[in-house]
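I'd like to ask some things about the structure below.
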Amino acid sequence: MKKKFFLFVFFTITLFLNANIFIDMYQKDYGNIGRTVLIFDFKPNYKIFSSEEEIQITISNCSKDANIINRKFYNNNVLTAFNYLVTENKVIVIITINSSQKLVSGDTYHYEVKEVKGDFFKIVLDIFITKNPKTVSELESFANFYSATGDTELADKYNNIAKDMKENLIVTQPVTTIQDSAQASSKSNNKISIKKIIKFLKENLDTKLTILICIGILLIAVVIFLISFFLKKKQVIPDIDDTSLRPISGFGTDEFRNNLILKLSENGWNSDAIAQELDLPENDVTRLTGSDFDEDFERL
């Protein structure tokens, strides 16, 4: 019994003395490439597993320094987080990849692993968010990475490709005026707005309902047009006698009119002239002046 106990203690002490210590972990951002470094006191026993969204490093017989804590990354094209799971004799490091970049580039990430020996043992992961850089910014990102990591040949290669691409863009870019740019922007905005409306209708309305709405709008437009058309036809323009602007009902009250007729008659006006002047029927003027009777009497 004692022998088994001493063997257990000896095995535990040996295991503890041989346990690896996970000392530190850091990341360097190069735009579309990220370098992640894990530091240990000596070479650990580790395995790497990867999926579309994360890289998992399992380190056996290892303990983690308490200063290494979970971390999130913002505005990073390559990574979004470092997370750690710790058991009695194992540490699992989870590196989460920025999957949104896959939607932009249409490419999947890949990584390269190398070991660096020295006073401390380092596991270096270079994570590339795209395998084949296509844009100027991606090419410059690759050039900066290889320049910083000491591979001048690859740095010069990507720098030259980026330079040639810039020159071709400058040569082929058409010269546009401010007005042309504004018109193009306006057309683009109109296209986008129409596309958004069509997309919204397709997503939120079925085909039959959309057709019914369009027919309803068309019928409303036709009704409005017909109403406005008939209203215009009903408008009657009154006839205006250009020869006289006087009212057809004559001047003033009956008393005023009668007095005026008598005064004109006393001043030598005949009934016809008075009727024309005052816009009155000649019979009315004759009845007041009695001029017709006088004229008939004179003829006799």
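Sequence gap of 8 or more, or different chains, plus Cα separation below 19 Å: how many lysine pairs satisfy both in the range 88-161? Intermediate results must be reported in sequence, preceding the final value.
On the way: Lys90/Lys122; Lys102/Lys131; Lys102/Lys134; Lys114/Lys122; Lys114/Lys131; Lys131/Lys157; Lys134/Lys157.
Close lysine pairs under the 19 Å cut-off: 7.
How do the peptides 37-50, 110-123 rank, highest first, by the average count of neighbouring beta carbon atoms within 10 Å per residue? Write down the numbers at each step before the final one.
Details: 37-50: 14.9, 110-123: 12.1.
Answer by packing, highest mean first, reads 37-50, 110-123.
Bin by bin, in steps of 10 Å, what percent of the Cα pairs in the range 72-161 do you find, going until the bin that has the longest distance?
14, 37, 34, 12, 2, 0
Only the coordinates and a few stated rules stand behind these numbers; no lab work does. Source: prediction; values computed, not measured. As a convention, Cβ positions derive from the backbone with ideal geometry for all residues, glycine included, and neighbour counts pool all protein chains shown.
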